[in-house]
Amino acid sequence: MINIGKKIRSLRNQHHISQETLAESMGVSCQAVSKWETGAAAPDISLLPALACFFDVSTDELLDYNRFANEKKITEIRDRAYALRREHPEEAEKILREGLKSFPGNEMLLNNLLYTLPAERSDEAENLCKALIETAQDDEVKFDALRILAKIYSANGQKDLCADTLERIPELYFTKLQLVALLLNGDASMNAAQKQLFLDFESMINMLSVTKDRLIEKNERAEAKTWCNFAAGILEAILKERAAGFLSEAFVSLCENAMQEFQL
């Protein structure tokens, strides 16, 4: 087990910081810091990103191990949790939290943990998002945390904070999947094209739904009905091809669920 206490003490001494100063910055007691450093207790995993940020190091450096050495184990934990995330989020959360005991502060596991937290625990999700935004070394994790944080603010009616958060996400007009599909060959190109196709179609459905909702808000129901008919026509045409067998189960499910969205 990683002795994080020794690393905290080393970093604290290196930066000439007292236990009192560190405790105050982390919102804990001086006794808690002392217990960390003696190995009598360990900091809560939610504090690891803040500790890394405080000492201006990555969470990997804070935990004093090479993140690549355990990449396979971490990926396996993530994949097990991902398989359960939609239908059994509580089980997925349990798997991730167990994984974080072995790999505390790991960005991939913390990022996936966000997806398992229910709406009633939005405060916990908000704090985790903020920590990842400040400390994540992987831009994909950081931008995903910004996206989820914006969704939390929107759901809570905090539209100004939502807008400010969205401004921190860069606007990109291409994706890695698009480039792989267009620039490579063989299975790599094909697999990327299929994934991008699903994402693009899902995005189109979402934007049609948003258009419909905004028109209804403006009491322009006739125009909204036109857009609903347009969307339903696309979905019906696609679902007619389900018997051909080339549409994935996820694609069919997306279309079937979307059909209900455009019934006015």
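Between Glu241 and Glu76, the C-beta separation translates, for a Förster distance of 45 Å, into a calculated FRET efficiency of about 0.80.
Its Cα gyration tensor gives the chain an equivalent ellipsoid. The semi-axes, each the square root of 5 times an eigenvalue, are 43, 23, 16 Å from largest down.
Taking square-rooted eigenvalues a ≥ b ≥ c of the alpha carbon gyration tensor, is region 1-136 rounded, prolate or oblate, where a/c under 1.5 means rounded and, failing that, a/b exceeding b/c means prolate? Prolate shape, in that a/c is at least 1.5 and a/b is the bigger ratio. For region 138-184, the orientation-averaged shadow of the C-alpha convex hull comes to 3.9 nm² (one quarter of the hull surface).
A helix-only calculation puts the chain at -22500 deg cm²/dmol for mean residue ellipticity at 222 nm, using -39500 (n - 2.57) for each DSSP H run of at least four residues, averaged over all residues.
The overall shape of region 105-259 is oblate: from the C-alpha gyration tensor, with semi-axes ordered a ≥ b ≥ c, the ratio a/c is 1.5 or greater and a/b is no larger than b/c. Under a Gaussian network description of the chain, with springs only between Cα atoms under 10 Å, the residue in Asn70, Asn219, Asn156 that fluctuates furthest is Asn219. Structure remark: mean-square fluctuation, Gaussian network model of the chain, C-alpha springs under 10 Å; the largest value among Glu220, Glu90, Glu140 belongs to Glu220. Build a GNM of the chain with springs between Cα atoms under 10 Å apart, and of Ala145, Ala188, Ala23 the one that fluctuates most is Ala188. Listed peptides 159-170, 122-133, 26-37 appear in the order 122-133, 26-37, 159-170 once ranked by packing, highest mean of other Cβ atoms within 10 Å at the front. Phi angles of region 186-194 translate, via the Karplus equation with coefficients 6.51, -1.76, 1.60 and θ = phi - 60°, into HN-Hα couplings of x, 4, 4, 5, 4, 4, 5, 4, 5 Hz per residue; Gly and Pro are given as x. For Lys159, a cut-off of 29 angstrom between C-alpha atoms picks up these lysines, skipping any fewer than 8 places away in its own chain: Lys130, Lys142, Lys151, Lys212, Lys218, Lys225. Look at the Cα gyration tensor of region 106-160: its axes a ≥ b ≥ c give a/c of at least 1.5 with a/b at or below b/c, and that counts as oblate. Sequentially through region 48-53, phi angles give Karplus couplings (6.51, -1.76, 1.60; θ = phi - 60°) of 4, x, 5, 5, 4, 5 Hz, Gly and Pro residues having no value and appearing as x. Ser46 sits with roughly 80 Å² accessible to a 1.4 Å probe, with DNA, RNA and ligands left out of the calculation. Computed 3J(HN,Hα) for region 103-120, one whole-Hz value per residue from the Karplus formula 6.51 cos²θ - 1.76 cosθ + 1.60 where θ = phi - 60°, is 10, x, x, 5, 4, 4, 5, 5, 4, 5, 4, 3, 6, 9, 7, x, 4, 6, glycine and proline marked x.
Here the calculated FRET efficiency for Asp56 and Tyr173, from their Cβ-Cβ distance with R0 = 30 Å, stands at 0.35, rounded to the nearest 0.05.
The values are calculated or read from the model by the stated rules, or taken from the named source; none is laboratory data. No experiment lies behind these values; they were computed from the predicted model shown. Here Cβ is always computed from backbone atoms with ideal geometry, including for glycine, and neighbour counts include all displayed protein chains. Each accessible area value is taken on the protein alone, full model and side chains, heavy atoms only, with ligands, DNA and RNA left out. Shrake-Rupley method; radii C 1.70, N 1.55, O 1.52, S 1.80 Å.
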